[in-house]
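Heads up, the thing below is written out as structure tokens.
The values are calculated or read from the model by the stated rules, or taken from the named source; none is laboratory data. This is a predicted model, so every value here is computed, not measured. Every residue, glycine among them, receives a Cβ derived from its backbone with ideal geometry; neighbour counts consider all protein chains shown. Heavy atoms of the whole protein, side chains included, go into the accessibility calculation; ligands, DNA and RNA do not. Shrake-Rupley method; radii C 1.70, N 1.55, O 1.52, S 1.80 Å.
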Amino acid sequence: QVTLVESGGGSVQPGGSLRLSCSMSTNVFSDDAVGWYRGDQRDLVAMVSGDGSLKYADFVKGRFTISRDNEKRTVDLEMSDLKPEDTAAYYCRADVRLSSTSPVYHYWGQGTLVTVSA
């Protein structure tokens, strides 16, 4: 089954930086879209599509960078200039089709907490 494990969350002061990492199981392929989402509503933060194109939410544009390492099966989120409103649980998501004729399903990690406060 698809499993995603996030790490790297913690507490940081405003203006600080943090790096989140998501480790993905072997049934997530390089042409599957992966991304980071946050909060109770699972708002999109950043994602990498199957063709390698990047998408960022307006509220993190210029501050966060998403990157994918297919060899290590990880997707990272580099966060800088963190603000109190960035405080949330951050979740890794992979959009995976388990066979050539199956629909795409969304698979979620357990989340990692980020707290930004003075």
| message | So the check is Cβ under 7 Å with 6+ separation or different chains; which pairs have a first residue in region 7-19 that's among the hydrophobic types (A, V, I, L, M, F, W, C) and a second one that's assigned to a loop (DSSP other than H, G, I, E, B) and open to solvent by less than 70 Å² (accessible area, probe 1.4 Å)? | response | 12/82; 18/8; 18/82
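Table: residues versus (1) out of contact with any Lys or Arg (no Cβ under 7 Å at 6 or more places or on another chain); (2) of a type in the set (Phe, Trp, Tyr); (3) open to solvent by 60 Å² or more (accessible area, probe 1.4 Å); (4) touching a residue at least 24 places away in the same chain (Cβ under 8 Å).
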site	(1), (2), (3), (4)
29	yes, yes, yes, yes
35	no, no, no, yes
42	yes, no, yes, yes
58	yes, no, yes, no
62	yes, no, yes, no
75	no, no, no, yes
84	yes, no, yes, yes
93	yes, no, no, yes
97	yes, no, yes, yes
| query | Within the bounds of region 104-117, is there any residue that is in contact with a strand residue (DSSP E or B) (Cβ under 8 Å, 6 or more places away or on another chain), open to solvent by 40 Å² or more (accessible area, probe 1.4 Å) and over 20 Å from residue 4 (Cα atoms)? | reply | yes
| said: I'm trying to understand the selection: among the residues of region 67-97, which are in contact with a Pro (Cβ under 8 Å, 6 or more places away or on another chain) and at pLDDT below 95? | reply: 97
| task | Residues that are over 23 Å from residue 12 (Cβ atoms) and out of contact with any helix residue (DSSP H, G or I) (no Cβ under 6 Å at 6 or more places or on another chain): find the strands (runs of 3 or more DSSP E) completely inside region 46-90 holding 1 or more of those. | result | 54-56, 64-69
| What number goes with the only condition from (1) in contact with a Pro (Cβ under 8 Å, 6 or more places away or on another chain); (2) open to solvent by 70 Å² or more (accessible area, probe 1.4 Å) that residue 14 does not pass? | (2)
